[in-house]
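Colleague: Quick one: structure below, then a few questions.
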Amino acid sequence: MSFEYLKTHIMEVNEDIRRICERLGRNPDDVTFIGVTKTYEPEIINASIEYGITDIAENRVQEITRKFDDIVYKVRWHLIGHLQTNKVKYIIDKVDLIHSVDSVKLAEEIQSRASKIEKVQDVLIQVNVANEIQKYGIPKTDLPEVLEALSKMPNIRVCGLMNIAPLVDDPELLRNDFREMKKLFDSLSTYSYSNVTPIHLSMGMSGDYEIALEEGSNMIRIGTKIYGERMATKI
Ligand SMILES: *Cc1c(COP(=O)(O)O)cnc(C)c1O
């Protein structure tokens, strides 16, 4: 089977990032572009890595454990979906960055499991800044107390923030949320906790990454624009 289309799509996204960054006076090398591989089989994922994907993201624990051994290349693995406390043990030795820390209880379990394997786990805190009621993510007003709690966990390093934008017809409607996230991200540098190092602001997907980059994102998560439409039932 030919996966030439992946090569084209990946080139298009890279070109786009370069064009957008040039317009914004930003360095495109500062933007991490993650391929969101949920629902796609290892064969396709491996091909995309051959064409330049360096980071892959899954939203479910069981997708990571199912595919992990079949991804034959060295890549960075990201977990971007909700993580249940009782599933941390399955992925703690596999993922480079957990984007979806949304409670102190979850962080405690990550701390405990990471400590057992002598790992410092990089995480992002998922924040819900949208006005609509979303299922996951902490409200921004909780950020100080969550950071304080996590600052006492030596096997966790807080590397930044993550946001999942609500589904809207017009991505322009998300600009204010992205702006709000950037402000919160910038505020991380005012904390003096030794395990809080603001590096990544993870926001922007296939439909809205241009606006996310305009508002300061440096980590974008691209699924359909690379891999094509997913089967709705499998998301
Ligand atoms: C599926 C998913 C994406 C990618 O979405 P696309 O619109 O296909 O680019 C990004 N982030 C999260 C959290 C996702 O679940």
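The values are calculated or read from the model by the stated rules, or taken from the named source; none is laboratory data. For clarity, every value in this text was computed on a predicted model and none was experimentally measured. Cβ sites come from the backbone with ideal geometry, for glycine too, and all protein chains shown count toward neighbours. The accessibility values were calculated without ligands, DNA or RNA, using every heavy atom of the protein model including side chains. Shrake-Rupley method; radii C 1.70, N 1.55, O 1.52, S 1.80 Å.
Colleague: Please list 3J(HN,Hα) in residue order for region 69-81, calculated via the Karplus relation 6.51 cos²θ - 1.76 cosθ + 1.60 where θ = phi - 60°; whole Hz, with x for glycine and proline.
Modeller: For region 69-81, the Karplus curve yields 6, 8, 8, 8, 9, 7, 9, 8, 9, 10, 9, 10, x Hz.
Colleague: Kindly state, to the nearest 0.05, the FRET efficiency for Ser112 paired with Ile133, given R0 = 45 Å and r defined as their beta-carbon distance.
Modeller: Details: r = 31 Å, r/R0 = 0.68.
For Ser112 and Ile133, the calculated efficiency is 0.90.
Colleague: Just to verify a number: FRET efficiency for Asp96 and Asp69, C-beta to C-beta distance, R0 = 25 Å, to 0.05?
Modeller: Numbers: r = 17 Å, r/R0 = 0.66.
With a Förster radius of 25 Å, E is 0.90.
Colleague: Then there's this: Can you flag which of Lys135/Lys183; Lys38/Lys183; Lys74/Lys119; Lys38/Lys135; Lys105/Lys135 are past 28 Å Cα-Cα? All intermediate terms of the calculation are to be shown ahead of the outcome.
Modeller: On the way: Lys135/Lys183 22 Å; Lys38/Lys183 30 Å; Lys74/Lys119 18 Å; Lys38/Lys135 20 Å; Lys105/Lys135 16 Å.
Correct reply: Lys38/Lys183.
Colleague: On the full set of protein chains, 1.4 Å probe, figure out the accessible area of Asp93 and give it in Å² to the nearest 10.
Modeller: 100
Colleague: Just to confirm my numbers, what's the Cα centroid distance between region 1-78 and region 141-183 in Å?
Modeller: 23
Colleague: What net charge is computed for the residues neighbouring Val72, neighbours being all others with C-beta under 14 Å from the C-beta of Val72, Lys and Arg scored +1, Asp and Glu -1? Present the calculation step by step, with values, prior to reporting the outcome.
Modeller: On the way: positive: Lys67, Lys74; negative: Glu41, Glu43, Glu50, Asp69, Asp70.
Surrounding charge for Val72 is -3.
Colleague: Quick one: net charge around Ala47, please, counting Lys, Arg +1 and Asp, Glu -1 for every other residue with C-beta under 11 Å from its C-beta. Kindly include the intermediate steps, with their values, before the conclusion.
Modeller: Working: positive: Lys7; negative: Glu4, Glu41, Glu43, Glu50.
Here the charged neighbours net out to -3.
Colleague: Any idea what the relative contact order of the chain is, in percent, if you count C-alpha pairs under 8 Å spaced at least 6 apart? Don't jump to the answer; show the numbers that get you there.
Modeller: Working: 412 pairs, mean separation 45.9, N = 235.
Relative contact order of the chain: 20 percent.
Colleague: Still on this structure, please answer the following. Sequence gap at least 6, Cα distance under 8 Å: using those rules, report the relative contact order of region 1-117 to the nearest whole percent. Could you put the intermediate results ahead of the total?
Modeller: Details: 130 pairs, mean separation 22.5, N = 117.
Computed value for region 1-117: 19 percent relative contact order.
Colleague: In the Gaussian network model of the chain, springs joining C-alpha atoms below 10 Å, which of Thr197, Thr141, Thr37 carries the largest mean-square fluctuation?
Modeller: In the Gaussian network model the winner is Thr141.
Colleague: Name the shape class, rounded, prolate or oblate, that the alpha-carbon gyration tensor gives for region 60-170, where a ≥ b ≥ c are the square roots of its eigenvalues, rounded holds for a/c under 1.5, and otherwise prolate holds if a/b is larger than b/c and oblate otherwise. Display every interim value, and only then the final one.
Modeller: Numbers: a/c = 2.12, a/b = 1.21, b/c = 1.75.
Judged from the Cα gyration tensor, region 60-170 comes out oblate (a/c at least 1.5, b/c at or above a/b).
Colleague: Multiply the residue gap between Thr224 and Lys140 by 0.36 nm, knock off their C-alpha separation, and tell me the result in nm, one decimal place.
Modeller: Numbers: separation 84, 0.36 × 84 = 30.24 nm, distance 2.89 nm.
In short, 27.4 nm is gained.
Colleague: Using +1 on the beta carbon of Lys and Arg, -1 on that of Asp and Glu, and nothing else charged, what's the dipole of region 107-235 about the Cα centre, debye to 20? Please report the intermediate quantities before stating the final value.
Modeller: Values: 15 positive and 19 negative charges, 110 e Å.
It comes to approximately 520 debye.
Colleague: What ratio of Cα Rg to 2.2 N^0.38 Å holds for region 4-227?
Modeller: Taking N as the residue count of region 4-227, the ratio is 0.98.
Colleague: Still on this model: Taking a probe of 1.4 Å, how large is the accessible area per residue of the chain, in Å²?
Modeller: Each residue of the chain exposes 49 Å² on average to a 1.4 Å probe.
Colleague: Sticking with this structure for a sec: Each residue of region 3-13 in order: what ³J(HN,Hα) in whole Hz does its phi give by Karplus 6.51 cos²θ - 1.76 cosθ + 1.60, θ = phi - 60°, with x for Gly and Pro?
Modeller: So the Karplus estimates, Gly and Pro as x, are 10, 4, 4, 5, 4, 4, 5, 5, 4, 4, 5 Hz.
Colleague: Going from most exposed to least, what order do Leu24, Leu150 have by accessible area with a 1.4 Å probe? If you can, show how the numbers build up before the last one.
Modeller: On the way: Leu24 55, Leu150 0 Å².
The ranking, largest first, comes out as Leu24, Leu150.
Colleague: Heavy atoms only, probe 1.4 Å: what % of the accessible area of region 4-227 goes to carbon and sulfur, would you let me know? Write down the numbers at each step before the final one.
Modeller: Values: 5010 of 10480 Å².
Carbon with sulfur: 48 percent of the solvent-accessible area.
Colleague: Over region 79-201, what is the relative contact order in percent, taking alpha-carbon pairs closer than 8 angstrom and at least six residues apart? Show your work: numbers first, answer last.
Modeller: Numbers: 197 pairs, mean separation 29.5, N = 123.
The normalised contact order for region 79-201 reaches 24 percent.
Colleague: With every protein chain left in place, what is the accessible area of Arg26 in Å² (1.4 Å probe, nearest 10)?
Modeller: Result for Arg26: roughly 60 Å² accessible.
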